[in-house]
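Student: I am attaching a structure below and will ask some questions about it afterwards.
The values are calculated or read from the model by the stated rules, or taken from the named source; none is laboratory data. Owing to the predicted nature of the structure, the values given are computational and were not obtained by experimental measurement. Cβ placement follows ideal geometry from the backbone for every residue including glycine, while neighbour counts extend to all protein chains displayed.
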Amino acid sequence: MDKSIQLFLHSSEETGNLHNAYQRALSSATELLIVSAYLTNWDSGTALNAGCERFRMVVGKDFGITRKSACNAVLNWAPAQHKVHFRVADQISGFHPKAVFWREADGQAYAIIGSSNLSLAAFESNYEVNVILPISADDLNRARHWVDQIAARSVPISPDWLNSYRESKPPKGSGTKSRKKEQNAEVLPIRLPRPKGAAAVVRKRRKQLEQYKKNRDGLIKLFRQCGAGKISSSTFYARLPSYWGGEVGGRLQGKGWERQGKSANFQQLAESYIKIVDAKAGARDDTVVAEFDHLRQLKNPARKAFLSEMLCLEFPKLYPVLNRPVQNYLSDEKFSGSPGMSEGARYLDLALKLRLSLDQNPKHPANNIAELDTVIWLAYHLD
């Protein structure tokens, strides 16, 4: 691609090559970040590069302009592991960016910045001005951090979210009056359960987390030894109770995973766990998705209950324990993930929803996902 700045001027008489630039970004990106004030059309004709390791796409919902049909088109287009990263700026008012940032296999990064939203008119009939330009690695890092901040306050788009979203009617005239009414058309906040006894189970969970902290260093060392092949899978399993569960405490779930998990390849699991622990904060969510999908491909039976608990213990603000009560809660709240997600993407989707739930309920007894897990268990667990 030309590494000089290119200016795209678009009108009904002059079409420019903006569409070609978008196609280039989709087909060649190893990392792709898209932000748009609204989404009314999506051309699924160009597949996302199979080598794209990191994908974020966040669209706005102000005035109800974003179209449900376009959102469904993106959900159908996005690869399974990336569907969870198609999000809406649900918690941000005044979300009006229009930009694409991407990095190609040779390491060079580019940006498209201008007036065009993701709409058919922006590429066909509107008067628009955009530029495409090469950007430095430092600028890409800044853009990545900025988009990550946006994504953290955004919701993965799913059929449940679309059902709750109030799409505006296309304006007949200038639309000024109707759009002012639509501007406050927010998606309803998430309700968190407050069952009787919630405060007591939260106190118990905090003690469990403190017990984990006392043995954490030894447990991490055990994972590193197994992941590096210095001890066998069976030795890892035999030594595990010295650092987690049993007399030392720090275990969140009851017994159950051992029935299938005992025979698991813990070296595989330890390798994945250490990759997640060692990942940079901005890359950790992507690493979680990749490692869950990797362990699923290997059919490792300990990847759900055991690995998710290890992540919840180490990152109590970020990742939940995989259990049925939490799934029942999201189903009850009509906040389930999008069909077709990979296993890792479904787990991250769950984590993002619970993070958002806590952000919207600052006075809830639970202060983090690990504490919220035990409250949800109390409310939704059926013996």
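Quick grid of which residues meet (1) modelled with pLDDT of 95 or more; (2) within 20 Å of Asn367 (Cβ to Cβ); (3) in a loop (DSSP other than H, G, I, E, B); (4) out of contact with any strand residue (DSSP E or B) (no Cβ under 8 Å at 6 or more places or on another chain):
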{"site": "Ala200", "(1), (2), (3), (4)": "yes, yes, no, yes"}
{"site": "Gln208", "(1), (2), (3), (4)": "yes, yes, no, no"}
{"site": "Gly229", "(1), (2), (3), (4)": "yes, no, yes, yes"}
{"site": "Gly254", "(1), (2), (3), (4)": "no, no, yes, yes"}
{"site": "Gln260", "(1), (2), (3), (4)": "no, no, no, yes"}
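Student: Could you tell me whether Ala264 is of a type in the set (Gly, Ala, Ser) and modelled with pLDDT of 95 or more?
Tutor: No, not satisfied.
Student: May I ask you to list the residues in segment 10-50 that are in a strand (DSSP E or B) and modelled with pLDDT under 90?
Tutor: His10, the sole residue that qualifies.
Student: Now a separate question. Asp332 is checked against (1) within 24 Å of Asn300 (Cβ to Cβ); (2) surrounded by fewer than 22 Cβ atoms within 10 Å (Cβ to Cβ) and fails just one. What number does that condition carry?
Tutor: Asp332 satisfies all of (1) within 24 Å of Asn300 (Cβ to Cβ); (2) surrounded by fewer than 22 Cβ atoms within 10 Å (Cβ to Cβ) except (1).
Student: In addition: If you scan segment 241-254, which residues turn out to be surrounded by fewer than 16 Cβ atoms within 10 Å (Cβ to Cβ) and either in contact (Cβ under 8 Å) with a residue 24 or more places away in the chain or more than 31 Å from the chain's Cα centre (by Cα) (or both)?
Tutor: Pro241, Ser242, Gly246, Glu247, Gly249
Student: Quick one: what pairs do we get from segment 132-160, first residue more than 17 Å from Asp285 (Cα to Cα), second surrounded by fewer than 15 Cβ atoms within 10 Å (Cβ to Cβ), C-beta under 7 Å, 6+ apart or different chains?
Tutor: Close Cβ pairs (under 7 Å, with a partner that is surrounded by fewer than 15 Cβ atoms within 10 Å (Cβ to Cβ)) amount to Leu133/Ile5; Pro134/Lys3; Asp160/Lys334.
Student: Continuing with this model, one more query. Inspect segment 115-127 for any residue being out of contact with any Ser or Thr (no Cβ under 8 Å at 6 or more places or on another chain), modelled with pLDDT of 85 or more and under 23 Å from Gln23 (Cα atoms) and give the result as yes or no.
Tutor: yes
Student: To continue, here is another question. As an exercise: evaluate Tyr319 against (1) within 26 Å of Asn141 (Cβ to Cβ); (2) out of contact with any Cys (no Cβ under 8 Å at 6 or more places or on another chain); (3) in a loop (DSSP other than H, G, I, E, B) and give the number of the one condition it does not meet.
Tutor: Condition (2) is where Tyr319 drops out.
Student: From the list Leu307, Leu322, Leu330, pick out the single residue that is assigned by TED's automatic domain parsing to the domain that holds Lys275, hydrophobic (A, V, I, L, M, F, W, C), more than 29 Å from Leu240 (Cα to Cα) and within 19 Å of the chain's Cα centre (by Cα).
Tutor: Testing whether each residue is assigned by TED's automatic domain parsing to the domain that holds Lys275, hydrophobic (A, V, I, L, M, F, W, C), more than 29 Å from Leu240 (Cα to Cα) and within 19 Å of the chain's Cα centre (by Cα) leaves just Leu330.
Student: Then there is this: Tell me, please, whether a residue that is outside any loop (DSSP other than H, G, I, E, B), at pLDDT below 85 and of a type outside the set (Asp, Glu) can be found in segment 158-177.
Tutor: Among the residues of segment 158-177, at least one is outside any loop (DSSP other than H, G, I, E, B), at pLDDT below 85 and of a type outside the set (Asp, Glu), which makes the answer yes.
Student: Next up: From the list Ala238, Ala228, Ala283, which one is farther than 30 Å from Leu378 by Cα and either in contact (Cβ under 8 Å) with a residue 24 or more places away in the chain or within 18 Å of the chain's Cα centre (by Cα) (or both)?
Tutor: Ala283
Student: Now, a different point. Can you find a residue that is farther than 22 Å from Leu18 by Cα and within 24 Å of the chain's Cα centre (by Cα) anywhere in segment 129-140?
Tutor: yes
Student: Then there's this: Do you know which of the residues in segment 92-128 that are aromatic (Phe, Trp, Tyr) and more than 23 Å from the chain's Cα centre (by Cα) is nearest to Arg56 (Cα to Cα)?
Tutor: Here the answer is Tyr110.
Student: Now for a different question. Pick from Gly94, Gly60: which is closer than 26 Å to Ser357 by Cα and surrounded by fewer than 17 Cβ atoms within 10 Å (Cβ to Cβ)?
Tutor: Gly94
Student: Further, regarding this structure: Does segment 130-142 contain any residue that is modelled with pLDDT of 95 or more, in a helix (DSSP H, G or I) and surrounded by 15 or more Cβ atoms within 10 Å (Cβ to Cβ)?
Tutor: Among the residues of segment 130-142, at least one is modelled with pLDDT of 95 or more, in a helix (DSSP H, G or I) and surrounded by 15 or more Cβ atoms within 10 Å (Cβ to Cβ), which makes the answer yes.
Student: Determine whether segment 272-279 contains at least one residue that is within 21 Å of Leu378 (Cα to Cα) and not in a helix (DSSP H, G or I).
Tutor: No: zero hits.
Student: Out of the residues in segment 99-114 that are under 15 Å from Ala37 (Cα atoms) and surrounded by fewer than 22 Cβ atoms within 10 Å (Cβ to Cβ), which is modelled with the lowest pLDDT?
Tutor: This residue is Gly114.
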